[in-house]
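Pasting a structure below so you can have a look.
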Amino acid sequence: MKTFRIGGVHPEGNKLSAARPITIAPLPQVAVFPLGQHIGAPAKPIVNKGDKVIVGQMIAEAGGFVSAPIHSSVSGTVLKIDTIVDASGYAKPAIYIQVEDDVWDESIDRSADLVKIEDRPELTDKEIVAKIQNAGIVGMGGACFPTHVKLSPPPGSKIEWVIINAVECEPYLTADHRLMLEHADEILVGVALLMKAVGVHKGYIAIEGNKPDAIDLMTEKAQAYPDIEIVPLKIKYPQGGEKQLIDAVVGRQVPAPPALPANVGAIIQNVGTAFAVYQAVMKNKPLFERVVTVTGKSLAQPSNFMVRMGTPMQQLIDLCGGLPEDTGKVVGGGPMMGKALINTDVPICKGSSGVLVMNDKEARRGQAGPCIRCGKCVTVCPMGLEPYLLANGTVNEMWDLLEANQITSCIECGSCQFTCPSHRPLLDFVRIGKSTVTGIIKSRVQSK
Amino acid sequence: MDTILQAVGVLGIAGMVLASVLYLVLRKFAVKEDPRLAKVNAVLPGANCGGCGFPGCDAMASECVKAADKGSLEGLLCPVGGKAVMDKIADALGMESVGGDAVRMAVMRCDGSCTNRPQLREYDGAQSCRVAHITSMGETACAYGCLGYGDCVAKCEFGALSIDPEKGVLIDPDRCVACGACVKACPRGLIEIRVVTPDKTGMVVKCRNKDKGVAAKNACAVSCIGCRLCEKKCESGAITVEDNLAYIDAAKCTLCGKCETVCPRNTIHKIGEWETPAEQPVKEEIKNEEQ
């Protein structure tokens, strides 16, 4: 099996909820929709206090090209447009909707019938992209980059492949795994639609070797699609990173920023995104629900849920048996790249792939010691950087040194910090350095 | 004997030839430095703190000389030396002295000590304010207040800052030279360089919480809730309330202290005199009188 060339770590898989089918989570009492759920300009609300909304109705329009609209996942009355404390504790604007009943927009096809790509031959590439844009679809792996932007590559770049990221390299998370087992046909149609949207004739679905059932099922179903190939990959974190995935699947390496995957001819989409694309294009269903893994070692019942956006995470934790006594941290996302939550009333957004309840022992970071110059962080860095140097350079504010050492290439995967025997907070500092250097480069470009 | 004379002669001639080469090279490649630079440099304090906005005293000196060529020293100020040093620089350059007479000082605008703002959760990431700020709102209920990891203290070249576990960040008026390094270090913009009186005092709102009244009140025992009592009470129009937060304009403030007595949250204080307990019964009385 293939994998990416340099670096990488092997955290314990802990896929506790892999055998648990996706169940539909009950509706919340009040659904909350933060306006900035994606990368780019925040959405602009188009409803007012007291308005009646139905499921699938657009409640906020895109704030620019790199932005995405937000649709209501519930039907009821708009309570208020106010702020909500986000996962990190800062107040962000959001729309609150009081849930009353469950009335869906009539244009949404709620039947389970599979609509194949041959059934809709009249669909053009532009129509597909427009539908994706109007459905508010963003990258569902967690980065939340608006999908229609990715599907409109910069002029001059020749796209050769669509690569579907189904590796789910984050420990604990099983949302993509279950989605493949339960909605394989829909995903394949979604992939075919994505390929049609950018006009390519080769698609890959990359799955890590810890999901043999998904590899078998997808390989069997994909026989009907000669253009789509299933690629099993060796287990290694961070294989789900765009650049690592391109390297693993087609063996090309993306140059340093500002180069994009499109510059080497590849477009990467998450498997969850492919499913959402199928629903948006074939079933006319905007993105308002997603699969979320709620898991943790001391949680009574780790599970996978189909959740309407805006549902508070606390409600999902309650469905799994409530917060255990020994909870140390609740993390939004996976253990490697997720963020610890300030409170559990944070709503599920487009990018919420999981809720991880860590016990006290797991959650605690080791006491940071001095660097012992072992070089482990350099060995595991999948981008070939020197994390110890970047972290120290940030502490000492040596921005020129950081720029010369490619800090902007860091993908913030956290492998360095994970592997450091001295428990040094490397990524914490590298992040600061990266954002500072990015800002310096930006202002330099602007002043020219 | 001959050998010794030969050696002395050869070495003497070689020495003279080489010395003249060195002399010629020195003359040919001499770096011409403006003599005024040395004069200005001698006057500057040599702290290289960067408070003037230029990288070190050398750079400041060359900026002064450049400005002198243009005809005015306006806009240049060595915050460490203040007016005295600027006068000397002006003297050395044969210019008229401008500005620099206002006394400035760094002022901490958060009183969120552990007693005023109890710890709600634990942060075990890197012990740095910058990291803690981008990671989360912090360990307390206030998303605007001091994080307490001391980035500002570490950046102060003059030892003017310290962290007191009870009172938070303290700034020593005698040591602070208003270089502004702490202002840049604080990710939450809590420290401000303010114009103060010659004995380094002034009125300051010790809060940056922009939340609405109730949220701000719940966040901290001494938060500004934007009630506007101080704005109404102020006779010189120095206080403005914007984003639920009061601000005192040092230029207009007469230091009458009425705002301090009227503030129901005990948020406004005179610099250097704010180590008072959070609850003061006398203020409750005034508050009742107002109502």
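FYI, it's all coordinate maths here, none of it is from the lab. For clarity, every value in this text was computed on a predicted model and none was experimentally measured. Here the Cβ is made from the backbone with ideal geometry for all residues, glycine too, and neighbour counts use every protein chain on show.
In nm, give the distance between the simple-model label positions of B:Ser97 and A:Ser435, each being 7 Å from the Cα along the Cα-to-Cβ direction.
Roughly 4.4 nm, to one decimal.
Taking every eigenvalue of the Cα gyration tensor of region B:104-290, multiplying by 5 and rooting it, what semi-axes result, largest first, whole Å?
Semi-axis lengths for region B:104-290 are 25, 21, 14 Å.
Net charge near A:Arg290: determine it from the other residues with C-beta under 13 Å of the C-beta of A:Arg290, scoring Lys and Arg +1 and Asp and Glu -1.
+2
One quarter of the convex hull surface, Cα atoms only: what value does that give for region A:289-363 in nm²? Can you show the working numbers first?
Working: hull surface 16.7 nm².
Projected area, direction-averaged: 4.2 nm².
What number, in percent, do you get for the relative contact order of region A:23-101 if the mean sequence gap of Cα pairs under 8 Å and at least 6 apart is divided by its residue count?
34 percent
A further question on this structure: Over its Cα atoms, what ratio of radius of gyration to 2.2 N^0.38 Å does region A:145-284 give?
Rg over 2.2 N^0.38 Å, computed on Cα atoms: 0.98.
So who's got an amide H within less than 5 Å of the one on A:His71, skipping anything under 5 residues away but keeping other chains? H placed 1.01 Å off N, in plane.
Amide H neighbours of A:His71, under 5 Å, 5+ apart: A:Ile59.
Another question, if that's okay. Compute the separation of the alpha-carbon centres of region A:288-332 and region A:176-255 and state it in Å as a whole number.
Each part reduced to its Cα centre gives a spacing of 27 Å.
Quick one: if the Förster radius is 51 Å, what FRET efficiency do A:Met1 and A:Ala41 give, using the C-beta to C-beta distance and rounding to 0.05?
Calculated transfer efficiency: 0.80.
Provide Rg over Rh for region A:376-447; use the alpha carbon set for both Rg and the Kirkwood Rh (inverse mean inverse pair distance).
0.99
Given only helices, namely DSSP H runs of n ≥ 4 each adding -39500 (n - 2.57), what is the per-residue ellipticity at 222 nm of chain A, to the nearest 500 deg cm²/dmol?
Taking each H run of at least 4 residues, the total per residue is -8000 deg cm²/dmol.
Moving on. List the GluC sites (Glu not before Pro) within region A:156-227 that DSSP assigns to loop and that have no more than 11 neighbouring Cβ atoms inside 10 Å. Present the calculation step by step, with values, prior to reporting the outcome.
Working: sites: A:Glu160, A:Glu168, A:Glu182, A:Glu186, A:Glu208, A:Glu220; in loops: A:Glu160, A:Glu168.
Sparse-neighbourhood loop GluC sites (Glu not before Pro): none present.
Let me ask something else about it. Could you tell me the distance between the Cα centroids of region A:398-417 and region B:1-32, to the nearest Å?
Cα centres, region A:398-417 to region B:1-32: 54 Å.
Give the cross-link partners of A:Lys448 among the lysines, using a straight C-alpha distance below 24 Å as the criterion and excluding same-chain residues fewer than 8 apart.
Hits, sequence-local ones excluded: A:Lys434.
Give me the base-10 log of I(q)/I(0) for region A:78-177 at each q in 0.15, 0.17, 0.25 Å⁻¹, Debye formula, one uniform scatterer per Cα, rounded to two decimals.
-1.12, -1.30, -1.34
Cα to Cα, under 16 Å, and not fewer than 8 places away if on the same chain: which lysines meet these conditions relative to B:Lys206?
The qualifying lysines are B:Lys167, B:Lys217, B:Lys258, B:Lys270.
Ok, one more. Show the residues, 5+ positions off or on another chain, whose built amide H is closer than 5 Å to the amide H of A:Glu289.
Residues meeting the criterion, in which the H sits 1.01 Å from N, are A:Met309.
Right, another one. How are the C-alpha pair distances of region B:137-217 spread across 5 Å bins, as whole percents from the shortest bin up?
3, 14, 23, 25, 19, 10, 5, 1
Mind listing the long-range amide H neighbours of B:Val169? Cut-off is under 5 Å, sequence gap 5 or more, other chains count too, H placed in the peptide plane at 1.01 Å from N.
Amide H neighbours of B:Val169: B:Asp164.
For the pairs A:Lys297/A:Lys361; A:Lys92/A:Lys442; A:Lys80/B:Lys212; B:Lys83/B:Lys200; A:Lys92/B:Lys210; B:Lys88/B:Lys155, flag any whose C-alpha to C-alpha distance is greater than 18 Å.
Listed pairs above 18 Å: A:Lys92/A:Lys442; B:Lys88/B:Lys155.
What number, rounded to the nearest 500 deg cm²/dmol, is the helix-based mean residue ellipticity at 222 nm of chain B, given -39500 (n - 2.57) per DSSP H run of at least four residues and division by all its residues?
-10500 deg cm²/dmol
While we're on this one: Quick test of your reading: applying the under-4.7 Å Cβ rule, which cysteines of chain A are isolated?
If one checks each Cβ against the other cysteines of chain A, A:Cys144, A:Cys169, A:Cys320, A:Cys349, A:Cys371, A:Cys374, A:Cys381, A:Cys410, A:Cys413, A:Cys420 turn up with nothing under 4.7 Å.
Loop-only trypsin sites (Lys or Arg not before Pro) in region B:112-167, please: DSSP not H, G, I, E or B, and at most 15 other Cβ atoms within 10 Å.
B:Arg121
Still on this structure, please answer the following. Starting from the Cα gyration tensor of region B:35-101, take the square roots of the eigenvalues, sort them a ≥ b ≥ c, and report rounded, prolate or oblate (rounded when a/c is under 1.5, otherwise prolate if a/b is larger than b/c, else oblate).
rounded
Lysines within cross-link reach of A:Lys126: Cα-Cα under 23 Å, excluding same-chain residues under 8 positions apart?
Answer for A:Lys126, where 23 Å is the Cα cut-off: A:Lys116, A:Lys150, A:Lys158, A:Lys196, A:Lys202, A:Lys283, A:Lys285, listed by chain and number.
Also, quick follow-up: Need one number for the protein assembly as shown: average projected area of the convex hull over its C-alpha atoms, nm². Intermediate results must be reported in sequence, preceding the final value.
Details: hull surface 182.1 nm².
Average projection, Cα convex hull of the protein assembly as shown: 45.5 nm².
Restrict the search to region A:73-132; then list the GluC sites (Glu not before Pro) that DSSP places in a loop and that have at most 11 other Cβ atoms within 10 Å of their Cβ. Mind dumping the intermediate values first?
Working: sites: A:Glu100, A:Glu106, A:Glu118, A:Glu122, A:Glu127; in loops: A:Glu106, A:Glu122.
Answer by residue number: A:Glu106, A:Glu122.
When only C-alpha pairs under 8 Å and at least 6 residues apart count, what is the relative contact order of chain A, in percent?
19 percent
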